[in-house]
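Input: a single structure, listed below in structure tokens.
Bear in mind that the values in this text are calculations on the coordinates, not laboratory data. All values derive from a computational prediction rather than experimental measurement. In this analysis, Cβ positions are derived from the backbone assuming ideal geometry, glycine residues included, and neighbour counts consider all displayed protein chains.
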Amino acid sequence: MHRSRGSCRTIFLPLAAALVLGCAVGAARAEPKYVGWAKVEACREIREFKEKLRDGGQLDANAKLFLEETALPQLALDDNRATIERTRKRIREVLLADVGDDKAAGEISLLIAQFMDALARDEQVALVVRVNAMLLVGELKAKGGSRPWPAAARFLAAAAGDAELPDAVRIAALAGVDKQVKAGKGDEAITKTCGPPVFAILAEPVVAGRDVERDWLVSRALQLVPLLARPAPPQVAAAIVALLGDEARSVDLRVRAAAALGATADAKSGVDAVAAVDTIKKLAIAVLEAEEKAAAARRFEDQYRRGGMAGGAAPGMPGPPPGMPLGPGMGFGGMPVPVVDPLATSEQACRRAAWRLYTLATAILAPDEAQGLVAILGDTAGPAKELAGQLKAEALTIDADPVEDALLDALDVLRPPEAGENAAKRPARQPKPEQPEEEESKPAAKPKASPFDNPFK
């Protein structure tokens with residue numbers, strides 16, 4: 001039985017198309033003429049390319065071919081892997097420096113963005129290359145070099161909001177979105193392009209084993225919300241409220257959620273401000289309780305270790321041989337035993353707690369008193385203002401004297417039912433050696449100024 005010519009054609013045409021496509025892919029992945037970025041910078045083609053564009057020339061077919069087949073593929077080459085950051089920087093600097101014509105500069109930037117966006121999405125490429133490709137898109141500059149190239153926003157926003165991409169690539173893209181939003185503050189086009197992907201990140205579910213990466217993404221998205229949506233629409237506000245109350249998320253993410261809510265929510269956002277303030281108070285207490293428990297755990301470990309090394313042995317551990325002398329603070333054989341300070345919370349942990357409390361306070365009532373959840377509460381804002389005052393006062397006290405006792409005192413203030421019992425268990429706080437006991441605290445030069453970094457600058 002013989003097939004008809006028509007049936008043969010039916011089989012042949014798809015096969016021919018597949019062969020053509022395969023050849024195209026092979027050509028795209030073919031090794032460039034020069035291997036190694038240093039060779040590209042030294043080649044004749046790059047000199048001709050730069051001279052032509054410096055004199056106001058346009059990006060012709062030969063120039064595009066040089067970029068696509070020789071210059072831009074360098075980022076993915078193994079020969080440039082050890083210096084990939086420098087290669088990324090030089091690709092941008094060499095190809096875009098001294099371009100005389102604005103149209104040509106835009107065409108080169110677009111070509112770079114399209115090539116690098118495709119590279120960042122290629123699952124066959126090493127992750128480090130994909131991340132650097134997306135970083136390069138975010139580093140493209142507008143003519144003059146002082147602002148990000150606005151047209152890169154659509155590539156960056158699309159990648160940041162693509163849940164199918166690796167978190168590392170999305171993080172690199174969102175860093176570029178951050179630059180675009182801050183540089184184009186109030187620009188309707190930037191807001192329209194970047195807003196939806198950023199808001200979508202807020203509602204993404206937690207992914208097991210990737211909580212650190214996802215928390216970074218969500219935290220950066222929260223910082224951008226006040227620049228993209230003020231006031232926050234109900235859907236965005238609801239996503240932020242959900243993050244604030246989610247005890248499975250990190251403490252700092254929830255603190256940033258509170259800050260974003262206080263900076264953007266208004267009466268039309270659909271926020272239950274009373275419930276939000278209550279959640280903020282519980283979060284502030286949880287912040288301090290976590291530090292209290294961590295200090296107690298460090299003391300227990302220290303006592304257990306010293307108990308087995310000096311004097312009486314801890315359960316399951318051998319004691320010193322009979323007759324072995326042990327001096328104060330000495331273990332077996334005269335070895336020194338590390339001793340944990342009775343106040344086992346570090347200065348860094350105290351200052352971190354102070355930042356958290358202050359940020360939560362400003363979420364309720366901003367320093368200028370023009371923003372915060374109290375604006376929604378209206379005549380019923382009295383208790384919320386009192387709480388904001390307590391949080392701010394304790395934060396400033398801890399920041400001025402970053403010791404564990406200051407944290408515990410703050411916990412006593414915010415957790416009234418146990419305040420008397422807790423305070424009775426601890427000796428009175430001692431002033432710093434350099435600070436006289438009766439010295440009164442001096443007012444700040446700017447009473448409403450925050451001593452902490454503003455996440456929304």
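Some observations on this one:
- Here the convex hull built on the C-alpha positions of the stretch 42-108 has a volume of 81 cubic angstrom per residue.
- Highest average packing first - 164-175, 200-211, 149-160, Cβ atoms within 10 Å: 149-160, 164-175, 200-211
- With 26 Å as the limit, the listed pairs 103/192; 192/392; 52/141; 293/385; 52/143 have 192/392; 293/385 beyond it between alpha carbons.
- Estimated distance in nm for a label pair at residue 282 and residue 400, the labels positioned 7 Å out from Cα along Cα-to-Cβ: 3.2 nm
- Inter-label distance, nm, simple model (7 Å from Cα along the C-beta direction), residue 210/residue 89: 3.1 nm
- Rg over Rh for the stretch 104-224 works out to 0.96, both radii taken from alpha-carbon positions and Rh defined as the Kirkwood radius.
- Proxy reagent accessibility, fewest Cβ within 10 Å first, across 350, 43: 43, 350
- Contour minus Cα-Cα distance for residue 127 and residue 146 (0.36 nm per residue): 3.9 nm
- Cut-off under 5 Å, modelled amide H: who pairs with residue 373 long-range: 364, 365
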